[in-house]
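The values are calculated or read from the model by the stated rules, or taken from the named source; none is laboratory data. For clarity, every value in this text was computed on a predicted model and none was experimentally measured. Cβ sites come from the backbone with ideal geometry, for glycine too, and all protein chains shown count toward neighbours. Remember, those area values only see protein heavy atoms, side chains included, never the ligands or the DNA or RNA. Shrake-Rupley method; radii C 1.70, N 1.55, O 1.52, S 1.80 Å.
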Amino acid sequence: MGLNFCIFIVPESSSSSLFHFPVAYNREEEMACSATLPCLPCSFPRPCTRQNLSLFHQRYDSFKHQRDLIRRRLVVPVFCLSNGTNQDTEPEAESTSSASSSPSILSNLTDNLCAALGGIGFIETAYLSYVKLTDSAAFCPIGGGSCDNVLNSDYAAVFGVPLPLIGMVAYGLVGAISLQLAAKKLPFGIDESDGRLVMLGATTSMATASAYFLYILNTKFSGVSCSYCLVSALLSFSLFFAVLKDFGLQESMRRLGSQIFIASVVFITLSTSYNGSLPSSQSAAELDLPYFETELTNSSNALSISLARHLHSIGAKMYGAFWCSHCVEQKEMFGREAAKLLDYVECFPNGYHKGTKIEKACSEVGIEGFPTWVINGQVLSGEKDLSELAEISGFKADGIS
């Protein structure tokens with residue numbers, strides 16, 4: 001039986017000696033090895049005579065000469081397998097490729113989602129900005145006139161800038177950055193990691209502001225529903241959690257300190273804006289204004305007179321200021337005759353001058369804006385339709401037109 005020798009070639013720089021192993025292959029393995037590596041098969045019969053030994057030495061000298069030639073070559077080391085394939089490396093390469101493509105797909109989904117949410121928020125706040133700047137009435141599918149009460153309240157501006165306008169800028173920024181991240185084309189030389197940090201900071205500030213305004217809505221506007229406020233809060237929180245999920249738990253915990261700092265700055269800014277100045281309805285009274293009465297022009301009907309008498313009978317009170325245009329409009333809804341039947345409390349009966357304090361009866365209620373209604377223990381800010389007042393007070397208008 002003959003012996004086959006397979007020569008494994010290694011780079012000259014990595015080893016100074018040539019490794020060769022006598023291995024007994026079958027025919028198929030010999031063909032696979034010869035197809036992968038330069039092999040020098042040496043077959044010789046079983047040595048039994050001096051002539052055969054001499055032939056062996058001649059072949060060995062020839063083999064040694066060829067070996068020295070091969071050692072001078074720089075050959076990349078490979079592994080010879082019986083099936084001619086590298087089973088250890090190919091699956092690993094496939095898994096690495098699939099693993100690297102998965103985060104990219106998830107990031108693109110998050111970017112597209114944030115772009116869509118930012119676009120919806122931009123459209124909503126653009127409409128509210130138009131309503132605010134043109135002093136128009138907002139379409140409110142839920143809550144009737146409650147949306148206008150909130151939009152026209154003292155909390156609808158931050159340092160004099162309309163809140164919907166600030167929201168429009170914020171949603172527009174988030175939507176634009178999301179589109180740029182999805183297209184992998186960020187402006188001004190900003191790389192993708194910096195763009196995602198900007199997204200995290202923007203959505204953190206928006207979520208903090210939304211949480212603050214939800215608190216204001218529940219505490220200062222008890223019983224008032226504002227569909228636009230709730231939709232904006234939903235969009236802000238959705239954007240925040242989508243970006244946070246894209247970062248991952250470990251990276252989010254590493255950025256927790258900066259997020260807390262951003263949230264604190266937003267909270268302090270909003271609190272300073274609302275606590276450091278008088279309500280917008282009172283800002284007009286910073287001048288030296290003597291007390292005056294505004295004459296009502298509308299006439300009352302049977303329904304408004306009956307509602308006014310009912311409100312007076314249950315102890316409902318309306319708090320206002322003589323210079324407040326919304327208070328005058330509220331009285332005009334009732335008309336001249338019915339307005340006289342209301343239990344109205346003037347918060348500045350002696351006029352408004354520098355240093356003038358609000359009446360004690362008004363301060364005890366916790367007036368945040370004018371007009372303010374107190375009905376059955378509920379404190380309601382802003383103008384109310386007669387139908388709302390009737391529903392809140394339990395007035396039944398059977399047979400009255």
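Once the chain from F292 to Y127 is taken as fully extended at 0.36 nm per residue, the excess over their C-alpha distance is 55.7 nm. Extension gain, N108 to S363: 0.36 nm times the residue separation minus the Cα-Cα distance gives 86.4 nm. Seen from T294, the other residues with C-beta closer than 13 Å to its C-beta sum to a net charge of -3, counting Lys and Arg as +1 and Asp and Glu as -1. For region 287-397, the Kirkwood radius over C-alpha pairs fed into Stokes-Einstein at 10 °C and 1.306 mPa s yields D = 111 µm² per second. Modelled label positions at T356 and R255, each set 7 Å beyond Cα in the direction of Cβ, lie 5.1 nm from each other.
For a label point 7 Å from the Cα of A116 along Cα→C-beta, name the residues of region 149-177 whose backbone N is under 15 Å from it. Counting only backbone N, you get 175. Given a 1.4 Å probe and every protein chain left where it sits, what share in percent of the accessible area of region 188-230 is carbon and sulfur? Carbon-and-sulfur percentage of accessible area, whole number: 63. Full extension of the chain between F267 and R336 yields a length gain of 20.4 nm, computed as 0.36 nm times the residue separation minus the alpha carbon distance. Each listed q (0.30 Å⁻¹) maps to a log10 I(q)/I(0) for region 150-209, found by the Debye formula over equal Cα scatterers with no solvent: -1.23. With the cut-off at 28 Å, tell me which of the pairs K317/K396; K354/K384; K360/K396; K184/K245; K317/K357 have Cα atoms farther apart than that. In this structure, K354/K384; K360/K396 lie more than 28 Å apart at Cα. Of the chymotrypsin sites (Phe, Trp or Tyr not before Pro) found in region 154-227, those in coil by DSSP whose Cβ has at most 15 other Cβ atoms within 10 Å are F159. Each label point was placed 7 Å from the Cα along the Cα-to-Cβ direction; for L186 and T134 their separation is 3.8 nm.
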